[in-house]
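Below is one structure, written out as structure tokens; the observations come after it.
Bear in mind that the values in this text are calculations on the coordinates, not laboratory data. For clarity, every value in this text was computed on a predicted model and none was experimentally measured. Counting neighbours? That spans all protein chains shown, and the Cβs are built from the backbone with ideal geometry, glycine included.
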Amino acid sequence: MLQPTDLAQDLYFEDALSKADLSGSTICVCAMKVLQYVQANGGIVLTKSGNFCRKFVEWAAEDFQWPGFEPEELYAVNKVLNEPDFPPLFTLHEILLKARLIRHYKGRAVVTRAGASVIGRDAQLQIVLTTHLLQSPMGDNPHANALFWNIGHLLAVIASRLGEWVSIGDFANWAIPVDLFPTKRGTGQRFEACLFVAYDLVRPMTWLGLIDDGRTTQRPSVPVEDRLIRKTQLFDRFVRFVRPNSEGSQNVH
């Protein structure tokens, strides 16, 4: 069944996908592992700063094998692993808290009733994660969001134009008004717009399994604006637009 979302009008997510369907969503797979670990172990010990303890971070790095953040990559720059040294886990911890799937209680991260309810329900967890990951990074400024974070428009562009490989530069030109993008570092509007799109949209969409960022086929040295991306098959199965037609019924895209 299709589930409406508050992210944008006419935007729905498919909640009938299986665990196998969502195997390409790294963050969904790993979030489920965290919830199952918390439930099975009576929680995760927290540091004084509120991060997951080092023992769990080391376990997660080995178990997750997160693309681009595999243990050998993490240990190449860190002698020991703390949660901030593993950025995807740091982000996932924040999302699980905001979504109230876990909470901090007496020095441990414990699963909530809502968290327990999504264990084994992979599609529902994917919807929760997508909803939180695609919240505007620009705050509550309605003008800025209308210009640069109209998520319905952004996803519609991906749906219609990213069936084949396209550059982040081309995608940015289609998705946002590049000539209006603010700059702070003196590097030019196009570069800053492409960096914004790459970091705030392409990266979370890749973690969700909805965009292929070409990591396995492109050299890391390729400039951000020239990097190639395309939507995945999961995108077309998970992201749907439901709009009324002239006969008063609804079209699902």
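A few points about this structure:
- Each of Thr232, Thr47 was scored by other Cβ atoms within 10 Å of its Cβ. Listed from fewest to most, they are Thr47, Thr232.
- Residues Thr206, Thr183, sorted so that the one with the fewest Cβ neighbours within 10 Å comes first: Thr183, Thr206
- Cα shape, the chain, gyration tensor, a/c 1.5 rule: oblate
- With the largest listed first and rounded to whole Å, the semi-axes of the equivalent ellipsoid of the range 125-209 from the Cα gyration tensor are 20, 16, 12.
- Cα long-axis angle, helix 122-133 against the chain (0 to 90 degrees, to the nearest 10): 70 degrees
- Here the range 26-120 is treated as a sphere whose radius is the Kirkwood value from Cα pairs; by Stokes-Einstein at 10 °C and 1.306 mPa s it diffuses with a coefficient of 120 µm²/s.
- Summed residue charge, Cβ within 10 Å of Asp213's Cβ, Lys/Arg positive, Asp/Glu negative: +3
- Between the alpha-carbon centres of the range 162-213 and the range 93-122 there is a gap of 31 Å.
- Likely footprinting exposure, Asp212, Asp140, Asp15, fewest C-beta neighbours within 10 Å first: Asp140, Asp15, Asp212
- Placing unit charges on the Cβ atoms only, positive for Lys and Arg and negative for Asp and Glu, gives the chain a dipole magnitude near 800 debye about its Cα centre.
- Förster radius 22 Å - calculated FRET efficiency between Tyr105 and Lys55, Cβ distance, rounded to 0.05: 0.75
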